[in-house]
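These notes are about the structure you will find just below.
The values are calculated or read from the model by the stated rules, or taken from the named source; none is laboratory data. Remember, it's a predicted structure, so these values are computed and weren't measured experimentally. Heads up, the Cβs are rebuilt from the backbone with ideal geometry, glycines too, and the neighbour counts pull from every protein chain shown. What goes into the accessible areas is simple: the full protein's heavy atoms, side chains included, and nothing from ligands, DNA or RNA. Shrake-Rupley method; radii C 1.70, N 1.55, O 1.52, S 1.80 Å.
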Amino acid sequence: MLTPDDRDVEPGSGEPGLLASASAAYGYYKDEEKTARTFRQIDGISYALTGDWATVEADGTITLLGRGSNCINSGGEKIYPEEVEEALKRHEAVDDCLVVGLPHEQLGQQIVAVVGTSAAAPPDGDELRAWLRSSLSGYKIPKSIVVMEQVRRAPNGKADYGWAKEVATSVAGPP
């Protein structure tokens, strides 16, 4: 793993870094911008960066934090949507969820979750936020939670963050 300034992440340090692997490839054909984002030459070795943020424990275990492109910056703190989504999915009434960042005047972005539940008595946003307090830092808890029957995903199962942003914006409204 590499830091944004191309240093190796020290295992056990808790410092997040980008997953990287040595690669025989060195770039994209006629795409210098994409090449600069994806490939690094460090000490004569070519590395391919996946775009995934992670931490590495002292024993070498890697904990994925999420895609850098989805990272939410709220009040100067970086929040990885996948971390919040996984915490919400541990609630017994939550079938699926997506977490997005919406513009906010003071914070930069605010966290909003779109939750799908088939429960006969679905939890509301206040209940889910209270439940999350036992597993997440306060700044990672969504300011708004939209509860609906189902979260939309692409046919291949990938998250439809564009749809989630539309739903979140229609409920949460402008900053």
Discussion item. Below 21 Å, Cα to Cα, which lysines can Lys78 reach? Residues fewer than 8 away in the same chain don't count.
Written reply: Lys89, Lys140, Lys143, Lys165
Worksheet item: Averaged per residue, what accessible surface does segment 39-175 expose to a 1.4 Å probe, in Å²?
Response: 54
Discussion item. Quick check on segment 118-158: what are the equivalent-ellipsoid semi-axes from the Cα gyration tensor, as sqrt(5λ), descending, whole Å?
Written reply: 22, 15, 9
Fill in: Net +/- balance of residues flanking Gly51 in space, Cβ distance below 13 Å, scoring K and R +1, D and E -1
+2
Worksheet entry | Top of Ala93, Ala54, Ala154 by mean-square fluctuation, Gaussian network on the chain, Cα under 10 Å | Ala154
Fill in: Sequence-distant residues sharing a close amide H with Asp95 (under 5 Å, placed H)
Gly116, Thr117, Ser118
Worksheet item: If we restrict to alpha carbons, what Rg and Dmax does segment 18-79 come to, in Å?
Response: 13.9, 40
Discussion item. With viscosity set to 0.692 mPa s at 37 °C, what whole-number translational diffusion coefficient in µm²/s follows for segment 27-175 from Stokes-Einstein and a Kirkwood radius over Cα pairs?
Written reply: 193
Practice prompt. Quote to one decimal, in nm, the extra length available between Glu15 and Lys78 on full extension: 0.36 nm per residue of separation minus the C-alpha distance between them.
Written response: 21.4 nm
Worksheet item: What are the lysines whose alpha-carbon lies under 29 Å from the alpha-carbon of Lys30, with same-chain residues fewer than 8 places away excluded?
Response: Lys158
Worksheet item: Round to a whole number: what % of the accessible area of segment 82-175 belongs to carbon and sulfur, probe 1.4 Å?
Response: 48
Item to complete: Could you tell me whether segment 76-160 comes out rounded, prolate or oblate from its Cα gyration tensor? Rule is a ≥ b ≥ c as square roots of the eigenvalues, rounded for a/c under 1.5, then prolate if a/b exceeds b/c, otherwise oblate.
Response: oblate
